[in-house]
Structure formats: structure tokens, C-alpha cells
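The values are calculated or read from the model by the stated rules, or taken from the named source; none is laboratory data. Quick caveat: nothing in here was measured; it's all calculated off a predicted structure. Please note: Cβ atoms are built from the backbone with ideal geometry, for glycine as well, and neighbour counts cover all protein chains shown. The accessibility values were calculated without ligands, DNA or RNA, using every heavy atom of the protein model including side chains. Shrake-Rupley method; radii C 1.70, N 1.55, O 1.52, S 1.80 Å.
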Amino acid sequence: VKVFFWKSNGQGFTFTTKVSNYAEVKGYSSMLLKHVNSITQAQQRKYRRKMIEKPSYFYPVRVLVTGSGKNQTKKPFVETKNGALGTMIDVSSGGCCIKSTYPLAQGELIKVEFETSKKNQITTYGKVVSMRKIQPLGGLMHVMFTKISKGHLNKINDFVYDLGANEAL
């Protein structure tokens with residue numbers, strides 16, 4: 001039997017064991033499980049992820065604030081001159097992980113361009129939700145998508161769930 005359980009904070013765990021017996025406990029039919037020595041932490045993700053390991057370009061997005069009070073306006077702009085090359089490690093319809101020598105900090109807005117296959121260009125906007133430094137330099141950015149067209153979202157889902165594979169048949 002493979003057992004999954006989650007704590008109240010959303011942290012998930014899993015372990016594999018054997019059923020030792022069946023019994024009635026406090027009026028309920030119950031399975032009695034054998035003890036195990038190892039429990040592993042499970043991933044609890046909202047979206048399925050798929051490894052991609054392809055080049056990607058990303059650009060910082062800044063918000064320009066003009067005026068004050070009720071006349072205040074916010075306008076985002078992409079710093080195309082400050083773009084950097086990275087390697088997209090994995091992707092889902094909710095976000096991605098990018099490895100780069102020049103990662104953006106947690107909380108920064110980002111524009112990401114990548115391809116899932118030849119001539120299948122995808123552009124999306126997001127926010128860096130975490131950044132983990134790696135040695136000797138650089139880091140892994142975990143990006144949550146905040147703005148993406150339906151067409152590009154469909155392309156990502158085609159890639160993640162291998163939906164495009166049946167089109168060639």
C-alpha cells in the first residue's frame with residue numbers, strides 16, 4: 001500500500017508499507033499497517049510539471065509610476081537591454097524553473113521567452129517567487145506565471161501533457 005498524508009500547513013508525505021491486518025476500531029472498519037523506517041516528502045503541486053532543459057531568455061519588468069493620488073498611473077515596461085540567457089529546467093501551466101548565471105531576486109517581475117519545440121515560441125510574464133543560489137555562481141529562479149495568452153497556455157499544456165504527439169498520427 002502506498003500512503004499519502006498532508007499536515008495542516010500543506011506539507012505532504014508518502015511511504016510504502018504492507019497491510020498487517022484488518023480490524024474494527026471504535027466501530028469503524030480499519031486497516032492496520034506495518035511500521036516503516038522511511039517517510040519521504042511528497043510534492044504537492046497544483047500543476048503537472050515536465051522537464052524541458054532548453055535555453056530561455058528573460059527580461060526584468062519594471063513598473064513606472066506617474067502622477068499622484070487619484071491621478072497616479074502604473075505602467076509596466078520590459079527592460080529589453082537587460083535581458084539574460086538561462087536554461088529552463090522545467091515548466092508547467094502555472095510557472096517554470098530557470099537556471100541562470102544572472103538570476104533576478106525574489107519578488108521581481110519577469111518576462112520569459114522560450115520554445116517547447118522548433119518554431120513553437122512562447123512568451124509569458126511572471127513573478128520570481130523564490131531564488132536559490134547555486135555554486136559557483138548563479139541561481140535557480142522559480143517563476144509563477146502572472147500573464148499568459150490562451151494560445152501560449154495551450155502550447156504549454158500540449159507540451160506538458162504530450163497532447164501534440166497524437167497530431168502526427
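General remarks:
- When residues of segment 112-141 are limited to those that are closer than 17 Å to Met51 by Cβ and crowded, with 19+ Cβ neighbours inside 10 Å, the one modelled with the lowest pLDDT: Thr116
- Residue, nearest to Lys50 (Cα to Cα), within segment 87-111, restricted to residues that are buried (at least 20 other Cβ atoms within 10 Å of the Cβ) and hydrophobic (A, V, I, L, M, F, W, C): Val91
- Residue pairs whose Cβ atoms lie under 6 Å apart, separated by 6 or more positions or on different chains, with the first residue in segment 73-89 and closer than 11 Å to Leu104 by Cβ and in contact (Cβ under 8 Å) with a residue 24 or more places away in the chain and the second polar (S, T, N, Q) and exposed (fewer than 15 other Cβ atoms within 10 Å of the Cβ), do not occur.
- Given (1) open to solvent by 100 Å² or more (accessible area, probe 1.4 Å); (2) assigned to a strand (DSSP E or B), index of the condition Pro60 fails: (1)
- Qualifying residue in segment 13-20 (condition: open to solvent by 100 Å² or more (accessible area, probe 1.4 Å), part of a strand (DSSP E or B) and modelled with pLDDT under 80): no
- If the condition is being touching a Gly at 6+ places or on another chain (Cβ under 8 Å) and either touching a residue at least 40 places away in the same chain (Cβ under 8 Å) or outside any strand (DSSP E or B) (or both), then segment 118-146 contributes Met141, His142, Val143, Met144, Phe145.
- Tally of residues being assigned to a strand (DSSP E or B) and not acidic (Asp, Glu) across segment 21-57: 20
- Residues in segment 142-165 that are open to solvent by 70 Å² or more (accessible area, probe 1.4 Å) and basic (Lys, Arg) were compared, and the one that is nearest to Pro103 (Cα to Cα) is Lys147.
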